[in-house]
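The values are calculated or read from the model by the stated rules, or taken from the named source; none is laboratory data. This one's a predicted model, so the numbers in the text were calculated from it and none came from an experiment. Here the Cβ positions follow ideal geometry from the backbone for every residue, glycine too, while neighbour counts run over all protein chains shown. Areas reflect the complete protein model, heavy atoms only, side chains present, ligands, DNA and RNA absent. Shrake-Rupley method; radii C 1.70, N 1.55, O 1.52, S 1.80 Å.
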Amino acid sequence: MTLPIMMMACISHVHPLLTRRTMMTTAFSFSSTNSAITTATRGGIRKQHYPYLTNNSQSLLHAISTTTSSEEEEVWNRAAEEIDPYSEEAKLNLSNFYKRHNIDSIKDAEKDHKKLLRLTEQVLSWNQRLNLISRKDCTPEVVYHRHILPSIALLPLVLKSSHDTDHNNNNNSQPLKIVDVGTGGGFPGLPLALLLPHCEFTLVDSIQKKLVAVSEMAAELDVENVRIHCGRCEEMYAEREGRMEHLGKYDVCLGRSVTALPRFCAWMYPLLKMQQQEEDGDGEEGRLIYIIGGELEDVVESRIQSDTNLDVLLDREEGTSDKRALIFMANDVEEIAVESGEVDKIVRSAPAGTGKKSKKKKNQQQRTNKVAKGAWQKRDNSVKKERGYDDFQRFEF
């Protein structure tokens, strides 16, 4: 029998790279034996079990909210209808997903399910300090079914890329290089990196505090095939060093509803391997795999190589999600960027050493060369003094 401990807690995270924030005060009780957290809210008591969190992470996980608006109650009701991520049914669904896509021979569903549960708990823990996902619907069911599983749905699409499944069977083969642009809280890149240890992942985002959280989660989960890049995608290949490291180096680019597709293509198409590289034996043409919902532009529709609803990939009830996974080849991605005109709207930094100066710096230099009004200057003795009259005479007494 465990003794519930009631307390009022106010947490202020202290990561040196993140903005300091103070969490809401909330009442909760916990038991160290079953790693469960009971959240006390005005609407009643809800008990949440997180068996895979470490002790350090357990101390950071607290109640989501102390309010009970009708909108929040609706979120909890929808979450209750979804399968418990810790149940045997959820594990079986993952196993069936592997079998349906013929990847059960290289993946262990039981081990991977535990990994995904640990990632779910890490997201829940970090989301209390900064918004990786919306806090109003941050529950284990929502994180697992609406963020992690849609990311995992791309697994068969990634494995069908240029080198197929050889990356998992042959350690001597060239690893698949994957870049996730606009990763945010690590989706879809981090769940895929967790399950594909032989692939190299680069997660890109311009918000530093989110990347710090992603980096910490990867470290906590012992994911060693992930590196993060803080900055804009179009600046990755602007400098000479960036061109050597990123320009035309990636087999797959991932994105999840980052922005309009033509604009996204304009940002990232230089990162993908192009078709002409295949003649030099430098790999096949790269591909873009993008998760999106809603209608698409005509310039995009005509170049889709594959269009699959996420519910079909996950074998879920139709209408569970309106998102679909689109696949484009690298040359088509470039054509979308050019034909839509988005590529002309991007202002990239000038590469180092080109001698090009921005208009702002040029104007600043011109201003520094001008003499300020009233400033003292050394007199030139060769120039006649200006006295205001020419017939001046000096008299001595």
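Checking the condition basic (K, R), over 19 Å from R118 (Cβ atoms), surrounded by fewer than 16 Cβ atoms within 10 Å (Cβ to Cβ) and in contact (Cβ under 8 Å) with a residue 40 or more places away in the chain, which residue from R227, R240 passes?
Going through R227, R240 in turn, the sole match is R240.
Given the structure, is D166 of a type in the set (D, E, K, R), on the phi < 0 side of the Ramachandran plot, out of contact with any Cys (no Cβ under 8 Å at 6 or more places or on another chain) and modelled with pLDDT under 95?
Yes: the conditions hold for D166.
Given the conditions (1) among the small types (G, A, S); (2) touching an Asp or Glu at 6+ places or on another chain (Cβ under 8 Å); (3) surrounded by fewer than 23 Cβ atoms within 10 Å (Cβ to Cβ), which single one is not true for S257?
(2)
P85 fails exactly one of the following numbered conditions: (1) at pLDDT below 95; (2) not in a helix (DSSP H, G or I). What is the number of that condition?
(1)
Checking A219 against (1) closer than 24 Å to H113 by Cα; (2) in contact (Cβ under 8 Å) with a residue 12 or more places away in the chain; (3) open to solvent by 50 Å² or more (accessible area, probe 1.4 Å): exactly one of these is not met. Which one?
All conditions pass for A219, except number (2).
I want to confirm something. Restricting to the range 103-118 and keeping residues that are in a loop (DSSP other than H, G, I, E, B) and touching a residue at least 40 places away in the same chain (Cβ under 8 Å), which single residue is nearest to L310 (Cα to Cα)?
Our first condition is that a residue be in a loop (DSSP other than H, G, I, E, B); within the range 103-118, this holds for 103-108.
Of the ones still in play, those that are also touching a residue at least 40 places away in the same chain (Cβ under 8 Å) are 103, 106-107.
Numbers: I103: 17, I106: 22, K107: 20 Å.
The extreme case among them is I103.
Which residue is nearest to A193 (Cα to Cα), if the candidates are limited to the range 217-232 and must be aliphatic (A, V, I, L, M) and part of a helix (DSSP H, G or I)? Write out each step before concluding.
Within the range 217-232, the subset aliphatic (A, V, I, L, M) is 217-219, 221, 223, 226, 228.
Checking which are part of a helix (DSSP H, G or I) leaves us with 217-219.
Working: M217: 12, A218: 9, A219: 12 Å.
So, considering only residues that are aliphatic (A, V, I, L, M) and part of a helix (DSSP H, G or I), the one nearest to A193 (Cα to Cα) is A218.
So, in the range 288-336, of the ones that are among the small types (G, A, S), open to solvent by less than 80 Å² (accessible area, probe 1.4 Å) and more than 16 Å from P156 (Cβ to Cβ), which residue ends up modelled with the highest pLDDT?
Going through the range 288-336, the residues among the small types (G, A, S) turn out to be 293-294, 302, 306, 319, 321, 325, 330.
Remaining after also requiring open to solvent by less than 80 Å² (accessible area, probe 1.4 Å): 293-294, 306, 319, 321, 325, 330.
With more than 16 Å from P156 (Cβ to Cβ) added as a condition, the list becomes 293-294, 319, 321, 330.
Values: G293: 94, G294: 92, G319: 88, S321: 91, A330: 97.
Here the residue is A330.
What are the pairs with Cβ atoms under 7 angstrom where one residue, in the range 154-165, is β-branched (V, I, T) and the other, located anywhere, is modelled with pLDDT under 95? Sequence gap at least six, or different chains.
Here the result reads T165/I106; T165/L159, each pair linking the range 154-165 to a residue that is modelled with pLDDT under 95.
Restricting to the range 298-319, name every residue that is free of Cβ contacts under 8 Å to residues at least 12 places away in the same chain and part of a helix (DSSP H, G or I).
Within the range 298-319, D298, E301, D311, V312 qualify.
Mind counting the residues in the range 202-216 that are over 20 Å from L116 (Cα atoms) and part of a helix (DSSP H, G or I)?
So the answer is 2.
Mind listing whichever residues of the range 111-140 are at pLDDT 95 or above, open to solvent by 10 Å² or more (accessible area, probe 1.4 Å) and among the charged types (D, E, K, R)?
K111, K114, K115, R118
Out of curiosity, is C199 without any contact (Cβ under 8 Å) to a residue 60 or more places away in the chain and open to solvent by less than 10 Å² (accessible area, probe 1.4 Å)?
yes
Evaluate the following for Q364: is it modelled with pLDDT under 85, surrounded by 11 or more Cβ atoms within 10 Å (Cβ to Cβ) and over 31 Å from the mean Cα position of the chain (by Cα)?
Yes; evaluated as a whole, the condition is true for this residue.
Can you confirm whether L149 is at pLDDT 95 or above, under 25 Å from L203 (Cβ atoms) and open to solvent by 20 Å² or more (accessible area, probe 1.4 Å)?
Criteria met by L149.
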